[in-house]
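*Asks:* Before I ask anything, here is the structure I am working with.
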Amino acid sequence: MRILVAEPVAEAALALLRERHDVDVRLGLPRGEFLARLPDYEALVVRSQVKVDAEAIAAGSRLIVVGRAGVGVDNVDVDAATQAGIVVVNAPTGNTVAAAEHTLALLFALARHVAAADASVRRGEWKRSAFGGVELTGRTLGIIGLGRIGTAIADRARGLGMHVIGYDPYVTAEAAGAHGIELRPLDDVLAEADVVTLHVPGTGDTRGLIDADRLARMKPTAFLLNVSRGSVVDEAALAAALRDARLGGAALDVYQAEPPTSSPILDAPNTVLTPHLGASTAEAQVRVGVEAAEQVLEVLERRMPRYAVNRPSNPRAQRPG
Ligand code: NAD
């Protein structure tokens, strides 16, 4: 069968797919050409940039499976795929460590002004008193979203001597407790945490979860970290809170629009900003690529994929012919 790989994935993943199928790697295709080529393929592999929207699903008249090398499927119209009988699979476990470690990198950078101090030294300055930081040991970390990444951060934060509280409406106190997390209502987490870190999926339910009201509940010295999805935070409200010193600082890896060329967050004080690097480690790229490739092969070979995001009632993979 024919597989279109439309974004970069690890060579090990391509090798796996090539063992049994014809693989075309076409990176950076203009949208029109991407749509024009789609009818030739049974499988499509993407990361987070190529939009597999209803139009693309309609164009992919032979598609059986869409594989997302990564966890969030917000660039895929899963409902349209389900309607069309196309299975969507992802690679949810491969980048957990990378995202957790990047979150901690941002936290340390914020606590010790690493980026601003670096820029200052490069300007020829030596302003030691301008960059006094805070220690993390003994502080309260509030984790919103206690899935794979949220719990991986809890496991690491305990080693830093942080007290960990968290909120997740779908997790029991026992499951949270297994990671040393005290499960609390959202408002309590916001009010008590010195650091609030977001690890929820980007869905309709989590859109604007951190808005002006919720920012106002946080301590004026608190840090906000977002390595989940940009839609979760109201960036204008966050920028205003930082400008008015109603919040201590914020570190973002994800944005409402990426790149965030006209976001007010670019001019807000006490921020550390990275360009969606959460999953960008050598190890994670191999892991997610291979994991996604394995899932795509499962569907093409008519087995049950472990990480199906949807369950079409009449999947094309099972149709005769
Ligand atoms: P996961 O599915 O394992 O965990 C998400 C958790 O959020 C679940 O436990 C779920 O119950 C919880 N949740 C859902 N709605 C919630 C709500 N309204 N309030 C609180 N909790 C809620 O996912 P994960 O692998 O831990 O990934 C978390 C997020 O990180 C996703 O948005 C993913 O796309 C993102 N991510 C970003 C990068 C990056 O490069 N920045 C890399 C990897 C993952």
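*Asks:* How far, in nm, would the chain grow between L35 and R158 when pulled straight, counting 0.36 nm per residue and subtracting the alpha carbon separation? Present the calculation step by step, with values, prior to reporting the outcome.
*Replies:* Numbers: separation 123, 0.36 × 123 = 44.28 nm, distance 4.80 nm.
Length gained, L35 through R158: 39.5 nm.
*Asks:* Also, I was wondering about something else. In Å², and per residue, what accessible area does the chain have when probed at 1.4 Å with the other protein chains present? The partial results should precede the final answer.
*Replies:* Working: 14850 Å² over 321 residues.
Averaged over the residues of the chain, the accessible area is 46 Å².
*Asks:* What ³J(HN,Hα) values, in whole Hz, does the Karplus curve 6.51 cos²θ - 1.76 cosθ + 1.60 give for the range 156-169 when θ = phi - 60°, with x put for Gly and Pro?
*Replies:* 7, 5, 5, x, 8, x, 8, 8, 10, 10, x, 9, 6, x
*Asks:* What list of ³J(HN,Hα) couplings, whole Hz, do you get for the range 276-285 from phi and the Karplus terms 6.51, -1.76, 1.60, once you set θ to phi - 60° and write x for glycine and proline?
*Replies:* Residue by residue, the range 276-285 yields 6, 9, x, 9, 8, 10, 4, 5, 5, 5 Hz.
*Asks:* Carbon-plus-sulfur fraction of the accessible area of the chain, 1.4 Å probe, in percent?
*Replies:* On the way: 7670 of 14850 Å².
Carbon and sulfur atoms account for 52 percent of the accessible area of the chain.
*Asks:* How big is D for the range 96-273, in µm² s⁻¹ as a whole number, if Stokes-Einstein is applied with the Kirkwood radius of its Cα pairs at 4 °C and 1.567 mPa s?
*Replies:* Working: Rh = 16.3 Å.
Stokes-Einstein gives a translational diffusion coefficient of 79 µm²/s.
*Asks:* Under a point spin-label approximation (7 Å from Cα along Cα-to-Cβ), what is the A216-T172 distance to one decimal in nm?
*Replies:* 3.8
*Asks:* To continue, here is another question. Please compute the volume of the convex hull spanned by the alpha-carbon atoms of the range 213-321 and report it per residue in Å³. Walk me through the numbers on the way to the answer.
*Replies:* Values: hull volume 17.3 nm³, N = 109.
Cα convex hull per residue, to the nearest whole number: 159 Å³.
*Asks:* Along the charge dipole of the chain, Cβ charges K/R +1 and D/E -1, which of A12, G208, L273 sits furthest on the positive end?
*Replies:* So the residue furthest toward the plus end is A12.
*Asks:* Sticking with this structure for a sec: For the range 1-85, run through the GluC sites (Glu not before Pro) and keep only the ones in DSSP coil with at most 15 other Cβ atoms within 10 Å of their Cβ.
*Replies:* Details: sites: E11, E19, E33, E42, E55; in loops: E19, E42.
For GluC sites (Glu not before Pro) across the range 1-85 that sit outside H, G, I, E and B with at most 15 neighbouring Cβ atoms in 10 Å, the list reads E19.
*Asks:* Now for a different question. Expected output is a single nm value to one decimal: the length gained when fully extending between E19 and L273, i.e. 0.36 nm times separation in residues minus the C-alpha distance. What is it? Please report the intermediate quantities before stating the final value.
*Replies:* Working: separation 254, 0.36 × 254 = 91.44 nm, distance 4.03 nm.
Contour length minus Cα-Cα distance gives 87.4 nm.
*Asks:* Can you list the HN-Hα couplings for the range 201-206, worked out from phi with the Karplus curve (6.51, -1.76, 1.60; θ = phi - 60°), rounded to whole Hz and with x for Gly and Pro?
*Replies:* For the range 201-206, the Karplus curve yields x, x, 10, x, 5, 9 Hz.
*Asks:* Another question, if that's okay. Evaluate the charge dipole of the chain about its Cα centre and quote only its size in Debye, nearest 20, assuming +1 on the Cβ of each Lys and Arg and -1 on the Cβ of each Asp and Glu. Numbers along the way, then the final one.
*Replies:* Values: 34 positive and 39 negative charges, 68 e Å.
It works out to roughly 320 debye.
*Asks:* How much FRET efficiency would the formula 1/(1 + (r/R0)^6) give for R112 and R319, where r is the Cβ-Cβ distance and R0 is 41 Å, rounded to 0.05?
*Replies:* Numbers: r = 58 Å, r/R0 = 1.40.
The pair R112/R319 has a calculated efficiency of 0.10.
*Asks:* When the Cα centres of the range 188-246 and the range 33-72 are compared, how far apart do they sit, in Å?
*Replies:* Here the two parts' Cα centres lie 33 Å apart.
*Asks:* Which loop-located GluC sites (Glu not before Pro) does the range 218-321 contain, where loop means any DSSP state but H, G, I, E or B and the Cβ has at most 15 other Cβ atoms within 10 Å? Intermediate results must be reported in sequence, preceding the final value.
*Replies:* Values: sites: E235, E283, E291, E294, E298, E301; in loops: E301.
Of the GluC sites (Glu not before Pro), the ones in loops of the range 218-321 whose Cβ has at most 15 other Cβ atoms within 10 Å are E301.
*Asks:* Shifting gears a bit: Given the -39500 (n - 2.57) contribution per DSSP H run of 4+ residues, what per-residue ellipticity at 222 nm results for the chain, rounded to the nearest 500 deg cm²/dmol? Mind showing how you got there, number by number?
*Replies:* Working: 12 runs with 111 residues, N = 321.
So the calculated ellipticity at 222 nm is -10000 deg cm²/dmol.
*Asks:* Find, among the chymotrypsin sites (Phe, Trp or Tyr not before Pro) in the range 154-249, those assigned to loop by DSSP (not H, G, I, E, B) with at most 11 other beta-carbon atoms within 10 angstrom. Present the calculation step by step, with values, prior to reporting the outcome.
*Replies:* On the way: sites: Y167, Y170, F223; in loops: Y170.
Answer in residue order: Y170.
The values are calculated or read from the model by the stated rules, or taken from the named source; none is laboratory data. Predicted model, so just to flag it, every value in this text is computed and none were measured. Every residue, glycine among them, receives a Cβ derived from its backbone with ideal geometry; neighbour counts consider all protein chains shown. In case anyone asks, the SASA skips ligands and DNA or RNA and just uses the protein heavy atoms, side chains included. Shrake-Rupley method; radii C 1.70, N 1.55, O 1.52, S 1.80 Å.
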